[in-house]
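No lab work stands behind these numbers, since they all come straight from the coordinates. Since this is a predicted model, take the numbers as computed values, not measurements. Cβ coordinates were reconstructed from backbone atoms using ideal geometry, including for glycine residues, and neighbour counts include every protein chain displayed.
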Amino acid sequence: MMMTADQTKKPLLEVQNLKQHFPIKGGILGRTVNHVKAVDDVSFTIFEGETLSIVGESGCGKSTTGRAILRLDEPTSGSVFFEGKDLLAMSKSQMRSMRKDLQVIFQDPFASLNPRQSVAQILGEALAIQNIVPANQRRERIIELLSHVGLRPDQIDRFPHEFSGGQRQRIGIARALAMQPKLIICDEAVSALDVSIQAQVLNLLKSLQKEFKLTYLFISHDLGVVRHISDRVMVMYLGKVVEIADKKSLFDSPQHPYTQALLSAIPVPDVSKKQERIILRGDVPSPINPPQGCRFHTRCPLAVERCKTEVPALTNVHSTHQVACHLVP
Amino acid sequence: MPGQQEKILDVRNLQTHFFTDDGVSKAVDGVDFSLNKGETLGLVGESGCGKSITSLSILRLIASPPGKIVGGEILFKGQDLIAKSEAEMRKIRGNEISMIFQEPMTSLNPVYTVGEQIAEVLRLHQNMGRKEAWEKAVDMLRLVGIPSPEKRATQEPHELSGGMRQRVMIAMALACRPEILIADEPTTALDVTIQAQILELMKKLQAEMGMSIIMITHDLGVVAETCDRVAVMYAGKVVEYTTAKNLFENPKHPYTIGLMNSLPRLDEDVEELVAIKGNVPSPFNMPTGCRFAPRCPHATELCHSKLPELLTSDDGSKVRCWMYTPEWDGASKTATEMGV
C-alpha cells in the first residue's frame, strides 16, 4: 500500500500505523494526565537482506520504534508483520520464540553485558534459552561465533571489563548472531565508539550481513555512518516519518525541509567544501503537545498557513522516495 | 602565518602524569603547541589521547594527587602558568582563560538560577555590585541568542533545553571577556541542528570579541568547520601539528591518514572503510618506540625501537614520524631485507 519499491524484493518486516504513546501520570490519584506521543502513526517496510536506517535527533522516536517492534515496550496500537505474522497479536511465549529471529545490538556495550558473566556464559546463556545448539556442542559454537566477530578463542573465559569498547561491541554482535537471526536491530550500535574502532565494527557488520544474509534495521543519529551502511533511509521528526527513500535519492536530492537542514548542519571534514548551511531556529518542540499540522512547521523556514493546520501525508516523489511535506508536489 | 602574529599561549613539552596504585599513567607526555591571538586551534584525537588532560593542565585543574604536571612550560602572555600560585591561578581562571565543557547540565549548578550563576562570575572577577552584575548577566544571555533573556535569567538549568544550557555556559565563560576560551567537546552532546547553531554562535562571538579558542574535539568535521590550526594527538603526544588546510589536503602522519580513512563520509561513498587495526595502547604501558607503531601499516624496526621527534616538514607542518626523516630510506631498506 505504502511502499511501491522494487517488486522483486520480499518484505521481511512490515510496520503499519505503529503508535507508542507513553502515559504521564500526575496528581494525587496518579491518573493519566497526558501522553508523550513518542511514535505517532509510523508505517514502513524492510525488505529481506537490506539495511534500512532510521535517522533523526534526540526524541524523534527512532529508538522507541525499534523497541516497539521487539515489544520491549508494548506499543499502543498498530501492527508489525514479520514474515507475514503479526508480532503484536502474539502471546508472550510465542513472542519469545520469535525473538531468536529478531535480535538487537545496543549502544552501550558495557551496560548491555552482565559484568559478572564471562563471554562463554553470556553467549552460552543465549544459546541455552533458545535451545538451538545441544549443550555439549555449545562451547564449540561459541568459539566459532567469536571467530566470526574477530575475537580469539582464548578470550572465551574473559569478563567484559577485560575488553576494550570495540571488543565489547563485538561480544554484543556475537550474542545477536548466536541466534542465527533474520533481522538485527542495531540501536546506535557504533555511536559510543571512537572513529577508528567504529570503522572496524561497521566493516564487521557489513561483512556479516553478506555472509549470513542478514537484514538490518539501523538506528543512528550519525548521517555519515548511515550513508555508509544503508540501502534505504527513513528520517523521523517528533514521532513522525518525514521522508523515506533509497540512500542515493535521499542524500543526492533530499526533499523535506527538515532533511535538507539536517544534512546541511553536519560539518564536513573537508576545508575546501564550504557549504551553504541552513540553520534551524529554536529547539525541537515537546512530544507531549506536538505542534498541530506538520510537526516541523514551528522551525521550518518555508512553512505556509496550510502547514499549521493540516498534517501532510507521505506521498511519492518517485517509486522509491516518499516525503511528507505540503510544499513538495 | 605563525611568527607575525601575537602568540598568546605557548605550551612546551607539557607532561602530566597520574601516579596511581597500578603504576604511572603518562596521560600527557610531551605536548607542544602555541595559540595566536584571535585564532582557533583544534586539539584532536580519540578517547584517552590526552586532549582533555592537556586543557585541564593549562588551567591547572588536575586533581593532585594522583595527577601532577611533571614537566614542561605553559607560557600565557610570556608567564609560566605552572609556576603560579593557586591564588594567582584563581584570578586567571574564568577571567582571562575560561572553559566550557561537553555536558552543560553537570557544569551548571542545579539549584541556582542561570542569571545568578553568570552574575557570580562578574561579581567575583570584576568586583561588580549585585544589580550591575545581574544586568550584565542578562546582557550576556541576550548576546548568546537566548530569547527573552530577562525571563530566562530567573530560571534554573533544568528548565532549559540542552542547546540553551550550552548557550548559558558560553555566556558564563565569556562574561569577563577572556583572552582564551577552551571549549572541551562543546557540541558533542548536542543534536546536529543545535550543534550548527552553537558553532555559528561561537564564530560570531569570536569575531566580535577577538578571543582565541582551543577547540577540543574528536570530530574532524567540527575541526574543518572551525579551526585555523590543528594539533592531532595520539597516546599523550602531538603527532601532527599544522594548518587545518594542510591537515585535510595533505595529511602526513599515518594516524591522521588512518583517522580520515575510517570516517564514514557524507559526501562520498566507499564500499569498505579503511579501519586502523588494533587498539590504543594502555597509558600505563606505552610502546617504547613510536606509540602508533603497533597499529601503523608502515612501521619498521626503527619505529618500534626509537621514538621520532616532532619535526617540521617541507610545507611547514610538523609531524612525528620516521617516514619524513632522512633515516627512513635506510630503515625501510633494512626492513625489506629482513622481509618485513
Per-residue Cβ counts within 10 Å, from other chains only, averaged over A:281-289: what number is that? 3
State log₁₀ I(q)/I(0) for segment B:259-337 at q = 0.19, 0.21 Å⁻¹ as given by the Debye formula over alpha-carbon point scatterers of equal weight, solvent excluded. -0.96, -1.04
Give me a single rounded figure for A:218-229: the average over its residues of other chain Cβ atoms within 10 Å of their Cβ. 3
Distance in Å, no decimals, from the C-alpha centre of segment A:157-174 to the one of segment A:40-95 is 27
Normalise the Cα radius of gyration of segment B:130-281 by 2.2 N^0.38 Å (N = residues in it) and let me know the number. 1.26
Using only Cα atoms, locate the centre of segment B:2-55 and the centre of segment B:268-307, then give the distance between them in Å, rounded to an integer. 21
What does the average come to when, for each residue of peptide B:252-260, you count the partner chain Cβ atoms lying within 10 Å of its Cβ? 1
Using Stokes-Einstein with the Kirkwood hydrodynamic radius over Cα pairs, what translational diffusion coefficient do you get for segment B:91-206 at 4 °C and a viscosity of 1.567 mPa s, in µm²/s rounded to a whole number? 93
Just subtract the alpha-carbon distance of B:Gln5 and B:Lys91 from 0.36 nm times their residue separation and send over the number in nm, one decimal. 28.4 nm
Per-residue Cβ contact counts at 10 Å, fewest first, order B:Ser317, B:Ser107 as B:Ser107, B:Ser317
Mean residue ellipticity (222 nm) of chain A, computed from DSSP H runs ≥ 4 via -39,500 (n - 2.57), nearest 500: -8500 deg cm²/dmol
Rounded if a/c is under 1.5, else prolate if a/b beats b/c, else oblate: with a ≥ b ≥ c from the C-alpha gyration tensor eigenvalues square-rooted, which is segment A:226-329? oblate
If you fit an axis through the alpha-carbon atoms of helix A:195-212 and take the longest principal axis of the Cα set of chain A, what angle between them do you get, 0 to 90°, nearest 10? 80
May I ask what percent, to the nearest 5, of DSSP beta bridges between residues of the protein assembly as shown are antiparallel? 65
By how many degrees, between 0 and 90 and to the nearest 10, does the Cα long axis of helix A:138-148 differ from the longest principal axis of chain A? 50
Rank by packing, highest mean first: peptides A:108-116, A:258-266, A:138-146, with packing defined as the count of other Cβ atoms within 10 Å averaged across residues. A:258-266, A:138-146, A:108-116
For a quick check: sort A:Ile278, A:Ile184 by the number of other beta carbons within 10 angstrom, fewest at the front. A:Ile278, A:Ile184
Rounded tilt (10° steps) of A:165-177 against the dominant C-alpha axis of chain A: 80
Taking chain B and counting helices only, DSSP H stretches of n ≥ 4 at -39,500 (n - 2.57) each over all residues, the nearest-500 ellipticity at 222 nm comes to -10000 deg cm²/dmol
Rounded, prolate or oblate: which fits the protein assembly as shown when a ≥ b ≥ c are the square roots of the eigenvalues of the alpha-carbon gyration tensor, with rounded for a/c under 1.5 and prolate only if a/b beats b/c? oblate
Got a sec? How would B:Met172, B:Met128, B:Met89 order by Cβ neighbour count within 10 Å, fewest to most? B:Met89, B:Met128, B:Met172
Under the classification rounded if a/c is under 1.5, otherwise prolate if a/b is larger than b/c and oblate if not, where does segment B:5-109 fall, given a ≥ b ≥ c as square roots of the Cα gyration tensor eigenvalues? rounded
Can you give the alpha-carbon Rg of segment A:202-265 over 2.2 N^0.38 Å, where N counts its residues? 1.19
How large is Rg/Rh for chain B, to two decimals, with Cα atoms and a Kirkwood Rh? 1.00
